[in-house]
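The values are calculated or read from the model by the stated rules, or taken from the named source; none is laboratory data. Computed from a prediction, not measured in an experiment: that's the story for all the values here. Methodologically, a virtual Cβ is constructed for each residue, glycine included, from the backbone with ideal geometry; neighbour enumeration extends over all protein chains shown. Areas reflect the complete protein model, heavy atoms only, side chains present, ligands, DNA and RNA absent. Shrake-Rupley method; radii C 1.70, N 1.55, O 1.52, S 1.80 Å.
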Amino acid sequence: MSERPFQHPTLHESLRSAADRGEALGDVIESIAQACREIAGRVRRARLQDILGDAGSRNVHGEDQQKLDALSNELLLDHLARCPAVGVCASEEEEEAVVVRARGDGGEFCVAYDPLDGSSNIDVAVNVGTIFSVLPNDLDPASPLQRGERQLAAGYVVYGSSVLMVLSLGDGVDLYVLDPDLNEFVRVEERLRMPDRKRVYSLNEAYRDDFPEGYRNYLDYAHANGYSSRYIGSMVGDVHRTLLKGGVFLYPPTSAAPSGKLRLLYEGNPMSLLIEQAGGTADTGSGRILEVEPGELHQRTPVVLGSREEVAHVLERL
Ligand code: P6P
């Protein structure tokens, strides 16, 4: 058994010390963490177990579903449904929100999640991840359709060279690493702060000619001012790099996707809470992402998020 460096508390220990947010919220996060540990194992063994590639089915959005998308969704739904504090689950892979428990039987929280973001990258061993958002289950009828500023917790797990969890309970952002010997997430950094400036932009420049003019003007500014471009096409990977190193990540509107491609409830909102909690900015291009009133479960939103000064360079041109 490896000796755990004393300064690295486990996720369980960290959550219990933050119990002022309620033990039940910690139970939800630990259920998500358990599901993600199992997903990490499946991702690592995917090629060996022939669970790569298309499932031969399409998800609710008509997109080719990867085998691991379906598997990851089932794992998360199973663990969340068994957590007494979870009342409603909303998944990118499910057309409708799933009520798993009535309030009164526990069920204090709604959890919205993208079970395996960037899954088309798995076959080429590029980072993929799980993104999650925890909201109060206090609407009648029960619904996860709430503004992102109502989130009680948000985070993501990156399945890459190591398995990392980035988590906020609304008071700062902490970084955890899955210790393979302990098979526990241990906290390695607290209260992450992102740089205010960094000359890196991250977007799919292939769509440049299809972006609204303001975004094209921003790209001209970036090219004229010595910026680097970094884009791996997996939101979790691109946002994780932006959070740790600074810069700006964008998914602008295009003619094919007039509201952008990324989903508000389980991509835009959780990532925006993390970025803001780390001192950055997260905007739709015409307002704060966390203030958008969702009208439907899989609503899309344009995304401009990252270092305060870098986001400002974008917004002042839109
Ligand atoms: P594009 C992955 O498919 C995803 O949903 C996000 O993870 C990623 O940021 C985006 O789509 C990439 O989209 O159009 O650049 O391939």
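Here are the numbers for the structure shown:
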{"read-out": "Per-peptide average of other Cβ atoms within 10 Å, ordering 72-80, 217-225, 140-148 highest first", "value": "72-80, 140-148, 217-225"}
{"read-out": "For the chain, radius of gyration divided by Kirkwood radius, i.e. Rg to Rh on alpha-carbons", "value": "0.95"}
{"read-out": "Amide hydrogen neighbours beyond the local backbone of Ala153, cut-off 5 Å, H modeled", "value": "Val134"}
{"read-out": "Net length gained if the chain between Glu74 and Arg216 were fully extended (0.36 nm per residue, minus Cα distance)", "value": "47.1 nm"}
{"read-out": "24 Å tail of the calculated P(r), segment 5-189, as % of Cα pairs", "value": "37 percent"}
{"read-out": "Anisotropy class of segment 227-318 from Cα gyration tensor, a/c 1.5 cut", "value": "rounded"}
{"read-out": "Nitroxide proxy distance, nm - points 7 Å out along Cα→Cβ at Ala142 and Glu13", "value": "3.4 nm"}
{"read-out": "Burial order of peptide ranges 176-188, 232-244 (average beta-carbon count within 10 Å, highest first)", "value": "232-244, 176-188"}
{"read-out": "Efficiency of FRET from Cβ geometry, Glu291 and Val188, R₀ 30 Å, rounded to 0.05", "value": "0.40"}
{"read-out": "Efficiency of FRET from Cβ geometry, Ala312 and Ser229, R₀ 22 Å, rounded to 0.05", "value": "0.70"}
{"read-out": "The chain, relative contact order [Cα under 8 Å, separation at least 6], %", "value": "16 percent"}
{"read-out": "Fraction of accessible area attributable to carbon and sulfur, the chain (%, probe 1.4 Å)", "value": "46 percent"}
{"read-out": "Residue-wise HN-Hα coupling along segment 239-244, computed from phi with Karplus coefficients 6.51, -1.76, 1.60 (Hz; x: Gly, Pro)", "value": "6, 4, 4, 5, 5, 7"}
{"read-out": "Percent of beta bridges antiparallel (DSSP, segment 151-263, rounded to nearest 5)", "value": "80 percent"}
{"read-out": "Those lysines that a straight Cα-Cα span of less than 18 Å connects to Lys198, excepting residues fewer than 8 apart in one chain", "value": "Lys245"}
{"read-out": "Solvent-accessible area per residue for the chain (1.4 angstrom probe, square angstrom)", "value": "42 Å²"}
{"read-out": "Other-chain or far-sequence residues with amide H under 5 Å of Val163's (modelled H)", "value": "Leu178"}
{"read-out": "Relative contact order %, segment 5-189, counting alpha carbon pairs below 8 Å whose residues are six or more apart", "value": "17 percent"}
{"read-out": "Extension gain (nm, one decimal) between Asp181 and Ser255, 0.36 nm per residue minus Cα-Cα", "value": "21.8 nm"}
